[in-house]
Amino acid sequence: MGGTFQSLAGGGAAIALDEIEVSILRSLAVQLLELIGPGAPEPAEDADPLAALFAEGPSEPPSDPALARLFPDAYGAPDGAGDAGVDPAELTARSAEFRRFTENDLRSRKREDALAVVRSLDGLTPDGDGTAVLELTGEEPLRWLGALNDLRLTIAARLDITEDDESAVLFRLPDDDPRKPMVMAYLWLGGLQETLIETL
């Protein structure tokens with residue numbers, strides 16, 4: 001897995017992906033969609049658009065560590081480690097209020113990013129040697145950046161990586177370690193993310 005994003009002449013980015021890379025990326029994006037869950041039901045045609053804009057979401061943080069990484073509390077840790085001098089109960093209340101009015105939109109955006117990855121991969125046609133060139137234009141590169149970041153955060157949560165330095169230690173895991181495939185995916189996604197940022 002050595003492909004990197006390159007700049008397109010008219011703007012955007014392109015990368016050559018083989019069938020295995022396409023399959024891995026698509027599978028990861030589908031798993032991310034399953035983790036995030038279904039979106040809110042579509043409002044009725046006669047629904048008040050202002051009411052839909054202020055629809056309330058959950059106020060409790062997710063119990064799944066990966067979802068907690070994707071949808072963190074806005075005001076620091078409830079143990080008071082985030083804001084010195086602020087009552088932990090106050091931080092929890094602030095975070096709950098913020099989450100109620102933002103998490104639905106954030107989930108929707110993350111879902112759209114992951115769907116953009118799946119759709120663009122589904123639209124690829126491999127050439128004779130099984131390689132396809134993915135071209136991202138318009139808002140697609142930003143959708144991909146969002147999805148790549150979310151995938152890395154999810155895998156990092158599953159591997160209990162909290163600092164980038166820890167991924168270097170995991171890279172040296174023996175090949176028979178069951179975490180090795182996830183570590184390799186984490187590092188590969190990081191390389192894709194880095195080269196996509198550089199092209200933009």
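A few notes on this one:
- Treating r as the C-beta distance of Gln6 and Gln31 and R0 as 22 Å, the FRET efficiency rounds to 0.20.
- Förster radius 41 Å - calculated FRET efficiency between Thr102 and Thr131 (Cβ-Cβ, nearest 0.05): 0.50
- The accessible-area ordering, largest first, of the residues Val169, Val117 stands as Val169, Val117, per a 1.4 angstrom probe.
- Label separation (Arg109 vs Asp87): 3.1 nm, computed from points 7 Å beyond Cα along the C-beta direction.
- Hull volume in cubic angstrom per residue (convex hull over the Cα atoms of region 86-155): 109 Å³
- By the Cα gyration tensor, region 128-193 has an equivalent ellipsoid whose semi-axes, rounded to whole angstrom, run 26, 17, 8 from largest to smallest.
The values are calculated or read from the model by the stated rules, or taken from the named source; none is laboratory data. Please read all numbers here as calculations on a predicted model, not as lab measurements. So basically every Cβ, Gly included, is an ideal-geometry build from the backbone, and we count neighbours across all protein chains shown. Note: accessible area is taken over every heavy atom of the protein model, side chains too, but ligands, DNA and RNA are not part of it. Shrake-Rupley method; radii C 1.70, N 1.55, O 1.52, S 1.80 Å.
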